[in-house]
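J.: Mind looking over this structure? Questions follow.
The values are calculated or read from the model by the stated rules, or taken from the named source; none is laboratory data. Quick caveat, the model's predicted, so the values are computed rather than measured. Please note: Cβ atoms are built from the backbone with ideal geometry, for glycine as well, and neighbour counts cover all protein chains shown.
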Amino acid sequence: MNLHISPARIAYALLSVGVVFALTVVMLLIGSNILGGGVIAILYLVPIGWCTVRWGQSAGVSAAMTAALSFDFLFIPPYGTFTIGSLEGWLLLFLFIAMAILVVGRIHSILTEEQERERKATFLYEMVAAIANQPTREGIAQAIANQIQQKYLAEVVQVHLTGDGGTQPFTARTYNGQAFTPHSRPERVLAISSGPALIGEIDIWKGTIALPSEDDLMLQTMLRQTAAALERVRMAGAKTPDPNQSPSYSEGNSLEGSHS
């Protein structure tokens, strides 16, 4: 578990302890004879899960530890001690601790995955916005390099575009800090393809944040969007008329017809 100590996490941990204590007081007022050990264990899972969702993993762990100690001290005979006097008590406490660990771990995993999906969606949105209005291949390549470097704090990001027809090869680079020439192989090599043709490549050298795998859905979406943007620029360039081009044959015929 990755539990960095900070004032906010300490405050949330104390709040989670208070939530568990509040539930403990309510259950004491009702009475353990009425509720039973199994029901008490299940009820303790409620604040554990709620604190994990509301305040994070550290708060969930604090709630689980507080609940386990309170459960042992107040609701497992002999009462008022941390001694467990029967096999049933040991089994009940063991099952409760196992369930508490599963609840905290599973909720934390779900929240982490959801946050990662949100970060990926934000990155794709910012990337698409950055290349949407770029009028040139060079601008698109540089925008892609900048976005990847900013997201992963990579040492170097290099976007190389191949030449075809009237376009020349181009390479855009973005560095983390001062510029330098990498001497090792890139951590990720991503091919930019338009149909069967290879039109470019993105090379990423590892930085502060771990890079996703090459078959990651976000990276594949980014490559498709990049290829689409490059194709848009290529098509726009193909449709742009050449100002030095002579009048077409049809225009000449129309002129002759007007003179006649």
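J.: Out of 144, 107, 140, 131, report the one residue that is in contact with a strand residue (DSSP E or B) (Cβ under 8 Å, 6 or more places away or on another chain) and crowded, with 18+ Cβ neighbours inside 10 Å.
T.: None of the other options fit; the residue is 144.
J.: Just for helices (runs of 4 or more DSSP H) wholly inside the stretch 1-64: which have at least 3 residues that are assigned by TED's automatic domain parsing to the domain that holds residue 89, touching a Leu at 6+ places or on another chain (Cβ under 8 Å) and among the small types (Gly, Ala, Ser)?
T.: 37-55
J.: Considering only residues of the stretch 196-227 that are out of contact with any helix residue (DSSP H, G or I) (no Cβ under 9 Å at 6 or more places or on another chain) and outside any strand (DSSP E or B), which is farthest from residue 129 (Cα to Cα)?
T.: The residue in question is 196.
J.: Working only within the stretch 134-149, note down all residues that are of a type outside the set (A, V, I, L, M), free of Cβ contacts under 8 Å to residues at least 40 places away in the same chain and touching a helix residue (DSSP H, G or I) at 6+ places or on another chain (Cβ under 9 Å).
T.: 139, 146, 147, listed by residue number.
J.: Going residue by residue through the stretch 108-126, is there one that turns out to be in contact with a Gly (Cβ under 9 Å, 6 or more places away or on another chain), not β-branched (Val, Ile, Thr) and not assigned by TED's automatic domain parsing to the domain that holds residue 210?
T.: Yes: the stretch 108-126 contains one or more residues that are in contact with a Gly (Cβ under 9 Å, 6 or more places away or on another chain), not β-branched (Val, Ile, Thr) and not assigned by TED's automatic domain parsing to the domain that holds residue 210.
J.: Just to be sure, is residue 97 among the β-branched types (Val, Ile, Thr), in a loop (DSSP other than H, G, I, E, B), crowded, with 16+ Cβ neighbours inside 10 Å and in the same structural domain as residue 51 (by TED's automatic domain parsing)?
T.: no
J.: Could I ask something else about it? Return the residue satisfying two criteria in turn: it lies in the stretch 65-94 and is assigned to a loop (DSSP other than H, G, I, E, B) and of a type in the set (A, V, I, L, M), and of such residues it is nearest to residue 19 (Cα to Cα).
T.: Per the criteria, the residue is 76.
J.: So how many residues does the stretch 197-215 have that are among the small types (Gly, Ala, Ser) and crowded, with 18+ Cβ neighbours inside 10 Å?
T.: Residues that pass the stated criteria total 2.
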